[in-house]
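Enquirer: I am attaching a structure below and will ask some questions about it afterwards.
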Amino acid sequence: MKVKLALAPRMGRQVVVEEVELDEPGPYDVRIKVMTCTICHSDIHALTGEHGEYEGPGAAGHEIAGIVDAVGDKVTYVKPGDRVLCSEVRQGCGHCDQCLHDRPWFCTTIQPMSFRVPSAYTRSNGERVIQTCSGASGFSTYTNAYENMLVKLDDDIPFEIGSALACGFMSGFGAVLNRCKIKPGESFAVTGCGGVGLSAIMGAKLSGAVPIIAIDTQQVKLDAAVKFGATHTVNPKEVNVVEAVKEITKGFGVDHSVVAVAGKGLKRSTFDLTAGYGQMVIIGHGHPRDEGMGELNYMEVLAGKRVTGSVMGAVTLRRDIPKYMEMYRHGQIDINSLLTNTFPLEQIQEALDDSERGALKNIVTANGYVPVYNKK
């Protein structure tokens, strides 16, 4: 079928909206009528090749919410008309050894996430568009996705909230709950206060962390961090960040730290401000060639300091997302305040540029949808 798709004609930041041909859904595929796709900075990194280079036209957009339009003949979870969110995370089978050990992202019976592969879209000149980020492309009017990427969206949850839940929020919030596992009264710091970092702060506040230290070079993001629960802010442009955090934590450093942004030296400084018995969780990353760990020394972890990572919040998709919807419903998490500006698909370039200038979470809409959330 003919649909509209935003694509980069060649690897880079410049995108255009074109009419393209979308394949019919395969046996396990679901065609989604896209209502919203919030912008994650990973979309920009993917389009520009920072998460891996690609040749040919590329599409992105992975924080997707919409309505099921059609399903393959082996789809059982959803039906046409269902409201859904679509995530990079795959719902595991639930019965293999990895799923039974609460590691569904290593499920042995489902297809893994695949990036920089041919998508279901074909341009009018015959070029097959590359899917640069996730197994679906949400900067479009319709997209195909595997059934196991979907979670049913409750009727009272706006599509734009569903989109935000699909990646950025879960990546920060889930990392704190599932990787840090903070005990009340333990200290926490996050480097990078974009959407992921602010979501991590929400997780730390909900867990009872104190102090909660926000680290960023932009004052507007530090101000936002306070709104979301930070008790202290540190701007590396103004002070030595390691010294400042250790002063706040009586010289020890924090029990838990999260790196929620890419950038040279940031993991090293975050590791240094983490206590000798603490744990650093890495979320933000750049190109693999820039992520070597040769700067760490074995002696630095001898006392028990730990370094670990977190992909997509280490969530179990259909277990955790319903919990997050319930938390949102009762005001325990504030996703509304993460959402910044709204752009129709036709203004996708403007939306991406605004995100690069520092907007927390822009909403791209399609098919005439008008966001209904209440901005706080």
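Enquirer: Among the residues of the stretch 57-71, are any surrounded by fewer than 24 Cβ atoms within 10 Å (Cβ to Cβ) and assigned to a loop (DSSP other than H, G, I, E, B)?
Expert: Looking through the stretch 57-71, none of the residues is surrounded by fewer than 24 Cβ atoms within 10 Å (Cβ to Cβ) and assigned to a loop (DSSP other than H, G, I, E, B).
Enquirer: Further question: Here is a list: E326, E295. Which entry is more than 16 Å from the chain's Cα centre (by Cα), farther than 28 Å from G12 by Cβ and in the same structural domain as V226 (by TED's automatic domain parsing)?
Expert: Among E326, E295, only E295 is more than 16 Å from the chain's Cα centre (by Cα), farther than 28 Å from G12 by Cβ and in the same structural domain as V226 (by TED's automatic domain parsing).
Enquirer: Select from the stretch 198-230 the residues that are more than 22 Å from M170 (Cα to Cα) and without any contact (Cβ under 8 Å) to a residue 24 or more places away in the chain and write down the one among them that is surrounded by the fewest Cβ atoms within 10 Å (Cβ to Cβ).
Expert: Filtering first and then ranking leaves Q219.
Enquirer: So which pairs qualify, if the first residue must be in the stretch 232-259 and closer than 11 Å to P211 by Cβ and among the β-branched types (V, I, T), the second must be assigned to a loop (DSSP other than H, G, I, E, B) and at pLDDT 95 or above, the Cβ gap must be under 6 Å, and the two must be at least 6 apart or on different chains?
Expert: V245/L273; I248/P211; T249/S187; V254/S187
Enquirer: Mind listing just one residue for me: the one in the stretch 28-52 that is under 18 Å from D82 (Cβ atoms) and of a type outside the set (A, V, I, L, M) and, of those, surrounded by the fewest Cβ atoms within 10 Å (Cβ to Cβ)?
Expert: Applying the filter and picking the extreme gives Y28.
Enquirer: Taking the stated definitions as given, is S310 assigned by TED's automatic domain parsing to the domain that holds G192, in contact with a Gly (Cβ under 9 Å, 6 or more places away or on another chain), touching a residue at least 60 places away in the same chain (Cβ under 8 Å) and small (G, A, S)?
Expert: So S310 passes the test.
Enquirer: Something else about it: Mind checking whether some residue in the stretch 126-139 is within 20 Å of D320 (Cα to Cα) and of a type in the set (A, V, I, L, M)?
Expert: no
Enquirer: Out of all the residues in the stretch 83-105, which are surrounded by fewer than 17 Cβ atoms within 10 Å (Cβ to Cβ) and either under 16 Å from G135 (Cα atoms) or more than 19 Å from the chain's Cα centre (by Cα) (or both)?
Expert: Of everything in the stretch 83-105, those that are surrounded by fewer than 17 Cβ atoms within 10 Å (Cβ to Cβ) and either under 16 Å from G135 (Cα atoms) or more than 19 Å from the chain's Cα centre (by Cα) (or both) turn out to be C93, G94, H95, C96, D97, Q98, L100, H101, D102.
Enquirer: Here's something else I'd like to know. Please return the ranges of strands (runs of 3 or more DSSP E) entirely within the stretch 1-50 where 1 or more residues are more than 24 Å from the chain's Cα centre (by Cα), modelled with pLDDT of 95 or more and not charged (D, E, K, R).
Expert: 2-7, 16-22
Enquirer: Please identify the pairs in which a residue from the stretch 348-376 that is without any contact (Cβ under 8 Å) to a residue 12 or more places away in the chain has its Cβ atom under 7 Å from the Cβ atom of a residue that is surrounded by 15 or more Cβ atoms within 10 Å (Cβ to Cβ), counting only partners at least 6 apart or on another chain.
Expert: What qualifies is E350/F343.
Enquirer: On to the next question. If you check G126, G135, which single one turns out to be within 27 Å of G49 (Cα to Cα), in a loop (DSSP other than H, G, I, E, B) and more than 19 Å from the chain's Cα centre (by Cα)?
Expert: G126
Enquirer: Since D154 meets every condition but one in (1) outside any strand (DSSP E or B); (2) within 24 Å of R268 (Cβ to Cβ); (3) in contact with a Pro (Cβ under 9 Å, 6 or more places away or on another chain), which condition does it not meet?
Expert: (2) is the only condition that D154 fails.
Enquirer: Here's something else I'd like to know. Kindly indicate whether T132 is of a type outside the set (D, E), crowded, with 24+ Cβ neighbours inside 10 Å and touching a strand residue (DSSP E or B) at 6+ places or on another chain (Cβ under 7 Å).
Expert: yes
The values are calculated or read from the model by the stated rules, or taken from the named source; none is laboratory data. Keep in mind the model is a prediction, meaning the values are calculated, not measured. Every residue, glycine among them, receives a Cβ derived from its backbone with ideal geometry; neighbour counts consider all protein chains shown.
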